[in-house]
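Down below is the structure, laid out as structure tokens.
Since every read-out is calculated from the coordinates, none of them should be taken as a lab result. Not measured: the values here are computed from a predicted model. Reconstructed Cβ throughout: ideal geometry from the backbone, glycine too, with neighbour counts over all protein chains shown.
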Amino acid sequence: MADDCLFCGIVAGDVPAKVVRRENGMVAFHDIAPKAPVHVLVIPERHVDSLAGVEGLTPGERADMLAFTAAVAREHGLEPTGYRVTTNHGADGLQSVHHLHWHVMGGTRLSDTM
């Protein structure tokens, strides 16, 4: 856990969030500035800065993250029509919170420029 990390604060329960799922070291919650009708963030409870630091997670955590992300999309009814899963790394990738997180977005036809 990083002391100054917003998402670590959510994991710890110190920062409020609309959590929709939590299990196997993963947490999913609604984005506070959604870019689609459904916009949920998926994070590992263990702090790693970005995808570039994914080796900081165990192989089991990495595998669970994929299954967990797919389950979040399915639970939000996104499977039949499709959805997008993205992550950002670094300044040029526009990463705003330096804790690995996946954006699960859908519920409408998404922009082809995103």
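Among D31, D3, sorting on how many other beta-carbon atoms sit within 10 Å of each Cβ, with the fewest leading, yields D3, D31. Converting phi to 3J(HN,Hα) with the Karplus coefficients 6.51, -1.76 and 1.60 and the offset θ = phi - 60°, the range 90-105 yields x, 4, 5, x, 6, 6, 9, 10, 8, 9, 3, 8, 10, 8, 10, 10 Hz in sequence order, with x at every glycine or proline. Taking the centroid of alpha carbons for each part, the range 85-114 and the range 1-64 are 13 Å apart.
Close amide H contacts of D49 (hydrogens built in the peptide plane, cut-off under 5 Å, sequence separation of 5 or more or a different chain): L100.
Put simply, the amide H of Q95, placed in the peptide plane, has neighbours under 5 Å in H89, G90, leaving out anything fewer than 5 places away on its chain.
For the range 42-59, the Karplus equation 6.51 cos²θ - 1.76 cosθ + 1.60, evaluated at θ = phi - 60°, returns couplings of 10, 9, x, 5, 6, 6, 9, 5, 6, 4, 5, x, 4, 5, x, 9, 6, x Hz by residue, with Gly and Pro reported as x. Rounded to the nearest Hz, the phi-derived 3J(HN,Hα) couplings of the range 22-30 under the Karplus curve 6.51 cos²θ - 1.76 cosθ + 1.60 (θ = phi - 60°) are 8, 5, 6, x, 10, 9, 10, 8, 5, where x marks glycine and proline. Just so you know, the Cα atoms of the chain work out to an Rg and Dmax of 13.5, 40 Å. For the chain, modelled as a GNM whose springs connect Cα atoms under 10 angstrom apart, the maximal fluctuation among L78, L66, L51 occurs at L66. Taking amide H as placed 1.01 Å from N in the peptide plane, the amide H of V27 sits under 5 Å from that of I43, E45, each at least 5 places away or on another chain.
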